[in-house]
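Peer 1: Handing you a structure now.
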Amino acid sequence: MDHFSHSLPRALLFILGGLATVLPGFGATMKLVVTNARLFTMVSGQEKPMNGFLVVAADGTLDAAKEGTPPPEVLAERQFRAERDSGIRFVHGINIGRVGPQWSTEQANAFTKGFVEWVGAQPPTPGFLSVMINGAGTFVGTPAQAKAEAEVMRTLALGNQTHFLESPPDKYEERAKFRWLQDAGLLGPGLLFGHFVHTDPWILRETVHAGAGMSWNPLSNGRLASGIVDIPAYVKAGLRIGMGVDGQASADRADPFENMRMGLYQVRARYEDASVLSPYDVLRMHTVGSADVLGVADRLGSLAPGKLADFLVLDPSDLGPIFDPYASLVFVAGTRDLARVYVGGELKVLNGQTVGPAFAQARAEVAKRVKTPGGP
Ligand SMILES: [Zn+2]
């Protein structure tokens, strides 16, 4: 359950050599800060030296590597179309904009309302679940953003996902901002924290009390050296926990099997005790738990009459002897065992190949535009 890295073919561009940091936040658009890098673009199939700031739009045409940012409504609609065309099940994340002298809460509200209405006017989109705010309340220097987001959440009945307490050096400053979320009335069942690594007992207690949830991202937390989440303590406290793979900033491999394994291994290694977390626990968090924190547990997360038929079919041939199916799934299984992927009862992946016109078209575009070094 993520945006860009799941919804489109991975190979949009390569940064060759030098340093590059990829910042998530625009969903289907990648915002890159690059230094002394060589950019290999899909547009021309050519390398060019890069310094500074670049936005790469990915609206399904694989066509645009442009400098500059289109207007927010264009970005939001383009992102929605990419999600829709990919055939994935999705919660759309909307940026309400940074509130300040240039952008009032009223403007943020009107912009978000306009987008929600635009979504409502679209032809039926089977994969679409809901619109949620991409929270920025803890990324800024004043409580104004949290207040504005709380206001938009209230008036439009939207949820909010906020990445919080991820980076170790920022943890003390960020913990102090927890108050802003509380005071704004943002802390509640509609709030979902991403990462949530460096809590303190008070923040954990208040979050549980308010009914907010979290997305545990162990692959990302390891990749970015963010830390190990104390999941057993969170479970004990009664926190709602789902699992995810963060955005394209750290999801080199957006793989739920690796994510479950990595999470279980981190926690067991930290505690030096295998009994603190089981394969069943992580499988549950990655399915029902994720659906719960996204507010869609009534429709997704488990196989039950009346729910949407999103499920995987695994070929067990290479799993060895199976004593406990949950243990085999979490300890042994991987994407190589994936025989079929269904979304809404529709076949999307068959034996490692995506099916459907959007994927076929995207693959053809990739083949046409990307030159293999030393190849034709
Ligand atoms: Zn993140």
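What follows draws every value from the coordinates through simple rules; no lab data is involved. The structure presented is a predicted model; accordingly, all values stated were derived computationally and were not measured. Neighbour counts are summed over all protein chains in view; Cβ atoms, including those assigned to glycine, are modelled from backbone coordinates with ideal geometry.
Peer 1: Across segment 79-139, what fraction of all alpha-carbon pairs, as a whole percent, falls in each successive 5 Å bin from zero upward?
Peer 2: Cα pair-distance distribution for segment 79-139, in percent: 4, 17, 26, 22, 14, 11, 6, 1.
Peer 1: To continue, here is another question. Hey, could you get me the Stokes-Einstein D for segment 206-291, Kirkwood radius over alpha-carbon pairs, 10 °C and 1.306 mPa s, rounded to whole µm² s⁻¹?
Peer 2: Reported coefficient: 122 µm²/s.
Peer 1: Starting from the Cα-Cα distance between Gln182 and Thr354, subtract it from 0.36 nm times their residue separation and give me the gain in nm to one decimal.
Peer 2: This chain segment gains 57.6 nm when fully extended.
Peer 1: To the nearest 0.05, what FRET efficiency results for Trp202 and Val74 with a Förster distance of 35 Å applied to their C-beta separation?
Peer 2: 0.25
Peer 1: Amide H to amide H, which residues 5 or more places from Trp216 or on other chains are under 5 Å from it, using H placed in the peptide plane?
Peer 2: Distant-sequence amide H within range of Trp216: Gly242, Met243, Gly244.
Peer 1: Once segment 147-304 is represented by equal point scatterers at the alpha-carbon sites, with solvent omitted, what log10 I(q)/I(0) does the Debye formula produce at q = 0.11, 0.17, 0.20 Å⁻¹?
Peer 2: The calculated log intensity ratios at q = 0.11, 0.17, 0.20 Å⁻¹ are -0.41, -1.02, -1.39.
Peer 1: How much length is gained on full extension from Ile322 to Ala157, taking 0.36 nm per residue of separation minus their Cα-Cα distance?
Peer 2: Extra length available between Ile322 and Ala157 comes to 54.9 nm.
Peer 1: What whole-number volume per residue, in cubic angstrom, does the convex hull of the C-alpha atoms of segment 262-349 give?
Peer 2: So the per-residue hull volume is 120 Å³.
Peer 1: Something else: Just grab the label-to-label distance for Asp170 and Arg253, each label 7 Å out from Cα along the Cβ direction, in nm (one decimal).
Peer 2: With each label point 7 Å from Cα toward Cβ, the separation is 2.7 nm.
Peer 1: Which value in nm describes the separation of the simple spin-label points at Leu303 and Glu106, placed 7 Å from the Cα toward the beta carbon?
Peer 2: With each label placed 7 Å out from Cα toward Cβ, I get 5.4 nm.
Peer 1: By the scheme Lys and Arg +1, Asp and Glu -1, what is the net charge of all other residues having a beta-carbon under 15 Å from that of Arg268?
Peer 2: Its environment carries a net charge of -2.
Peer 1: In whole Å, what is the distance between the alpha-carbon centres of segment 131-171 and segment 270-287?
Peer 2: Result: 29 Å between the Cα centres.
Peer 1: Which residues among segment 178-203 fall inside the zone where the amide N is under 20 Å from a point 7 Å beyond the Cα of Ala233, along Cα→Cβ?
Peer 2: Flagged as within label range: 178-179, 193-203.
Peer 1: Something else: Using modelled backbone amide H atoms (1.01 Å from N, in-plane), which distant-in-sequence or interchain residues come within less than 5 Å of Gly93's amide H?
Peer 2: Under 5 Å from the amide H of Gly93 lie the amide H atoms of Met132, each far enough along the sequence or on another chain.
Peer 1: Also: If the chain between Val332 and Gln122 were fully stretched, how many nm would it gain, using 0.36 nm times the residue separation less the Cα-Cα distance?
Peer 2: 71.4 nm
Peer 1: On to the next question. Would you order Tyr234, Tyr280 from fewest to most other beta-carbon atoms within 10 Å of each residue's own beta-carbon?
Peer 2: Tyr280, Tyr234
Peer 1: Compute the convex hull volume of the Cα atoms of segment 293-338, divide it by the residue count, and report the result per residue in Å³ as a whole number.
Peer 2: Convex hull of Cα atoms, per residue: 105 Å³.
Peer 1: Can you work out the Karplus-derived ³J(HN,Hα) for every residue in segment 78-92? Use 6.51 cos²θ - 1.76 cosθ + 1.60 with θ = phi - 60°, whole Hz, and x for glycine or proline.
Peer 2: Listing the rounded values in order: 5, 5, 4, 5, 5, 4, 4, 5, 6, x, 7, 7, 8, 9, 7 Hz.
Peer 1: In terms of modelled amide H atoms, which long-range or inter-chain residues lie less than 5 Å from the amide H of Ala339?
Peer 2: Result for Ala339 returns Val313, Leu314, Asp315.
Peer 1: Based on the Cα atoms of segment 64-208, what semi-axes does the equivalent ellipsoid have, where each is the square root of 5 times one gyration tensor eigenvalue, given in whole Å with the largest first?
Peer 2: 27, 17, 16
Peer 1: Moving on. How large is the direction-averaged shadow of the alpha-carbon convex hull of segment 153-196, in nm²?
Peer 2: The Cα convex hull of segment 153-196, projected and averaged over all directions, gives 3.0 nm².
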